[in-house]
Amino acid sequence: MTSSSPAARYTSVAIALHWAMALLILFMIWLGWNMDDNEVRYQLHKSVGITLLFLTVVRIAWRLLNPPPPEPATLKSWEQKLSHAVHIAFYALMVIIPLAGWLLVSISPFQISTVLFGAVDWPHLPFTSGLRQGNELLHGIVENVHSKGAWVIIVLLGLHVAGAVKHEFGGEEGVIKRMIPGLFGKTSPPSPPARGAVIAFGSSLVLFALIAAVPLIGSAGAGPGPMQSSVAAGPAGNWSVDYAASDISFSGVYDGKPFGGKFENWSAEVSFFPEDLAASSVSVSVETGSVTTGTKLYDSTLREAEWFNTGAFPEAQVELSNFEQTGEDTYTATATMTLKGKETSVPLDFQLTINGDQAMLNGKAVFSRKALDLGQVSDASGSWVSDEITVTVSGAATRTG
Ligand code: HEM
Ligand code: HEM
């Protein structure tokens, strides 16, 4: 094979994948070393990493269907073997490193969700939830595979570039030309078989969809059923809540900034008698999975086992009791919240204005995350997310009896 042979080049797909992935991998190593505690960078790292895993599957499928051009005959046998070994090691690392990263976030006790490019919920690896607690050894191994793998890439890259440069400029037949897009017009890439291209892309997409579908199916099966029944239940008690005009929201401090959201689905049974507070009671059921914050990453993370654990605990209960009037239309009550099998009671102060059969309510209660086992692995001390979470209720109701 001479350097002027028209077939002595990689296909343009292989060339495009090689350079795009080389740049992305180097960017990823830099990013991995410079993420600190920056949440945006973590999410970007995970998004690009999963994209690279996808591209690797495409690339390997493409290569199997479009074998590379033969090496220049001037390459010594050991050089050919070393070059092949480096290529195989590169491919192996391009699979192992992102898989280790994915495993790392799947078994992390912090349970931070992965939302690809801020838009697509990416599941944890299947069958890993049992490995989250008390597995320091496994965590250490996976973390080392991921971080040391990056160093192996760097060492191999040294050999890879040295080999390419030696054979390009060492008076032998060039190899870099094989991997440069059409700069040397004399050599044209072998035209890839159209059917091969379709099969390569098709099969890699199917393979990747399968990898992604396993955890998706797993999490769908384990997921909670919607709390339709209790939300749709007709009002009991003597007041009917106007849900369209009512809100249960919460706020706290996250990373030094205000943070909050609300619950979309909840239902309340209200028995309230201003003239007989002792006979009054309010019972609220909140669908934990209906939490929204306006940011997909937080919405997904709050559903994880570390926070609301919506799969195992789809519902939170709040019971109001011990009503006392504190002013003309101000009251206080004890709010007892049950969530994740934990119970805590705090005062709820509210203002209530009753106009004929119409009532308007505004109230506030402050709960402790610790008492409800929320985010206790990620941040038990409250240095990152405040321990105190203020729940605000505003509502309208009509007297029915
Ligand atoms: C080719 C793809 C990837 C490369 C080259 C890469 C590279 C790196 C590097 C160099 C670090 C710094 C390690 C250190 O502490 O020294 C890192 C950290 C990390 N990577 Fe990746 N990564 C890739 C893919 C992924 C993927 C797909 C995920 C998750 C879905 C991920 C999750 C993480 C996490 C969570 C850390 C922080 C680990 C820690 O602080 O202990 N990475 N990565
Ligand atoms: C992290 C970065 C890189 C990775 C992971 C990587 C990976 C690879 C792999 C797997 C192949 C073999 C393709 C095949 O036959 O299937 C290859 C070929 C090639 N790479 Fe890279 N590469 C990287 C960076 C570079 C750089 C910076 C250069 C610049 C000199 C380069 C030059 C070449 C050349 C000339 C070839 C084709 C010649 C040959 O078969 O050795 N690569 N690369």
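The mean accessible area for residues of region 248-401, using a 1.4 Å probe and ignoring ligands and nucleic acids, is 47 Å² per residue. Net length available on complete extension from residue 23 to residue 254 is 79.8 nm, with 0.36 nm assigned per residue and the Cα-Cα distance removed. Label sites at residue 353 and residue 92, each approximated as a point 7 angstrom past Cα along Cα to Cβ, lie 7.4 nm apart.
Quote to one decimal, in nm, the extra length available between residue 51 and residue 279 on full extension: 0.36 nm per residue of separation minus the C-alpha distance between them.
Extra length available between residue 51 and residue 279 comes to 76.1 nm.
Remark: region 13-97 carries a charge dipole of roughly 280 debye about the Cα centre, counting +1 on each Lys and Arg Cβ and -1 on each Asp and Glu Cβ. For region 49-89, the convex hull drawn through the C-alpha positions has a volume of 74 cubic angstrom per residue. Packing here is the average count of other Cβ atoms within 10 Å per residue, and on that basis the peptides 19-27, 57-65, highest first, run 57-65, 19-27. Shape class of region 1-154 from the alpha-carbon gyration tensor: prolate, with a/c at 1.5 or above and a/b greater than b/c.
Size descriptor for region 345-399, Kirkwood hydrodynamic radius: 13.1 Å (Cα pairs only, one decimal). Any idea what % of Cα-Cα pairs in region 82-123 are farther than 17 Å? Result: 49 percent of Cα pairs exceed 17 Å. Computed from the Cβ-Cβ distance with R0 of 45 Å, the FRET efficiency linking residue 73 to residue 33 stands at 0.65. For region 251-394, the residue among 259, 330, 280 whose Cα projects farthest onto the positive side of the dipole built from Cβ charges is 259. Gain on full extension, evaluated as 0.36 nm per residue between residue 400 and residue 135 minus their Cα-Cα distance, stands at 89.8 nm. Using only side-chain charges placed at the Cβ, +1 for Lys and Arg and -1 for Asp and Glu, the dipole size of region 71-178 relative to its Cα centre rounds to 80 debye.
Computed over region 281-401, the quotient of the alpha carbon radius of gyration and 2.2 N^0.38 Å is 1.17. The largest-to-smallest principal axis extents of the Cα set in region 241-297 are 45, 22, 18 Å.
The values are calculated or read from the model by the stated rules, or taken from the named source; none is laboratory data. These figures come from a predicted structure and were not determined experimentally. Reconstructed Cβ throughout: ideal geometry from the backbone, glycine too, with neighbour counts over all protein chains shown. Surface areas here come from the heavy atoms of the whole protein model, side chains and all, with no ligands, DNA or RNA. Shrake-Rupley method; radii C 1.70, N 1.55, O 1.52, S 1.80 Å.
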